[in-house]
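Laboratory data are not the source of any read-out in this text; all were calculated from the coordinates shown. Computed from a predicted structure; not experimentally measured. Note: ideal-geometry Cβ built from the backbone for every residue, glycine included; neighbour counts use all protein chains shown.
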Amino acid sequence: MSNIVAFLILAIVYYIGEFIGTKSKAWIPSVFVIAALFLVGYWTFFPKDIVELAGMGPPLGGILVIMLCITHMGTIISIRQLMQQWKVILIALAGLTGMVAFCWFLAMPLAGREYVIAGLPPLTGGIVAAVMMSEAALERGLTAAAVLAIAMYACQGFVGYPLTAVALKIEGRKLLEEFRSGKHQVAAAGEIDEAAGNMKVEEEPRRKLIPPMPEKYTTTAFILGKMAISAYISSLLGSITGLNQAVWALIVGIVLTEIGFLDRDSLNKAKSYGFLMYVLMVYVFAGLKDATPQMLMDTLGPMAIIIVIGVTGMVLFSIVAGKILGISWNMACAVSLTALYGFPPNYILTEEACKALAENKEEHEFLMGKMLPMMIVGGFVTVTITSVIIAGIFVNLF
């Protein structure tokens, strides 16, 4: 397969998912459709290296695009927003606690100890946890458990995508009813309004430590260059502290935006967001190439038990936490479900739901301002941070 043909096929597959997601008004999430098409493709005519052939494999379709996109997340969430998301952190942690508890006490007798130990950390997060558990299982000769760890990573999103889409749409409808009745006010995307929790732009922008560059010199290359500097600083901090560099990318992105080094909403300002997000999503779905039909059949029973029981525990615990903290059950569920896919699907699912529900730009900005910060923070708490900690504990439990 030539490079051009590979690029064309991936573009067609991705657009089919986008079209169905838009046509169904997000009831069938685009990420769910794209993942299913990738899976069928790998089982039929896709070469295993189709993403690399299309030029979207590492390093661009790997650490580079991941760090740039996560840094971008830092440019659209202010420190004030993060300070207001402490409830989200508690809800996400409560959801993970429920998942671990239910799987340990209820799923283990049904699915088996090795399967639960191997499959639970990937269910709480992403590829890092899956690789850690798979390698640990192989070292102990537990081949089936190692396969389940990878299969769990490849398939958990199929549960998380539709459940999250439903939760976000229910929450979005409720918020829009309040907004249209005049309960909330919004100007545009930007800073949080403390009363309503909504994003809006300050009427008089605060003075930054680093003054802005004149617009005529703020080119795509200039913005991307500054983001690359931020990503490099994050990678250095990650190697020095041992904390995942993706976490640092979010933190550094927020701080450098606050002082004026990075532009607010950087990738959109650089007119690069759409392409880089496309590359990142294609790279994520490339992980499905190892999920063969036989692998899925062999692990289907234990995997289904772990997912159903684990997600049940997560949802119940997050709803209780949300009730205590004054967060709706819809939003509490959506936040905790980010553990099943993380970034960037959490961003795309939120954007897709808002796009489907909003009738104008003002309503779209209102919904994004209410739901996106919670979904982004939830994803980082679950996938980027907590799942790695859980995996680090579970590798010693075989």
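Stretching W329 away from Y273 to a fully extended chain increases their span by 17.0 nm, per 0.36 nm per residue minus the current alpha-carbon distance.
What is the distance in Å between the Cα centres of the range 35-57 and the range 304-350? Computed from Cα coordinates, the inter-centre distance equals 30 Å.
Extension gain, T312-K48: 0.36 nm per intervening residue step, less the Cα-Cα distance, totals 91.6 nm. Is the shape of the range 263-398 best called rounded, prolate or oblate, per the rule: a/c under 1.5 gives rounded, else a/b larger than b/c gives prolate, else oblate, with a ≥ b ≥ c the square roots of the Cα gyration tensor eigenvalues? It is oblate, given that a/c is not under 1.5 and a/b is not larger than b/c. If you keep only loop residues by DSSP, which GluC sites (Glu not before Pro) in the range 313-398 have at most 14 other Cβ atoms within 10 Å of their Cβ? Qualifying residues, ordered by number: E359. Rounded to the nearest whole Hz, the Karplus-based 3J(HN,Hα) values (6.51 cos²θ - 1.76 cosθ + 1.60, θ = phi - 60°) of the range 298-313 follow the sequence 5, 10, 4, x, x, 5, 5, 4, 5, 5, 4, 5, x, 5, 4, x, with x at glycine and proline. The phi torsions of the range 83-92, fed into the Karplus equation with coefficients 6.51, -1.76 and 1.60 and a -60° offset, translate into couplings of 4, 7, 9, 4, 5, 4, 4, 5, 5, 4 Hz, rounded to whole numbers, with Gly and Pro shown as x. Each semi-axis of the equivalent ellipsoid for the chain is √(5λ) with λ an eigenvalue of the Cα gyration tensor; in descending order they amount to 33, 25, 21 Å.
Scalar couplings 3J(HN,Hα) for the range 166-173, obtained by applying the Karplus form with A = 6.51, B = -1.76, C = 1.60 to θ = phi - 60°, are 5, 4, 5, 6, 5, 5, x, 4 Hz; x denotes Gly and Pro.
As a calculated quantity, the FRET efficiency between E135 and S239 at R0 = 30 Å, using C-beta atoms, amounts to about 0.90. Just name one of T299, F380, F38: the one whose Cα is farthest towards the positive end of the charge dipole of the range 3-394 (beta-carbon charges, Lys/Arg +1, Asp/Glu -1). My answer, from the dipole projection, is F380. Stretched out straight at 0.36 nm per residue, the stretch from V40 to S2 would grow longer than its current Cα-Cα span by 11.7 nm. In plain terms, the residue of I170, I91, I16, I376 with the fewest other Cβ atoms within 10 Å comes first and the most crowded comes last, giving I16, I170, I376, I91.
Give me log10 I(q)/I(0) at q = 0.13, 0.21 Å⁻¹ for the range 269-339, Debye formula, one equal scatterer per alpha-carbon, no solvent. The Debye formula, applied to the Cα set alone, gives -0.68, -0.90. Straight Cα distances below 28 angstrom link K355 to the lysines K23, K25, K87, K169, K174, K183, K200, K269, K271, K323, K370, with same-chain residues fewer than 8 positions distant left out.
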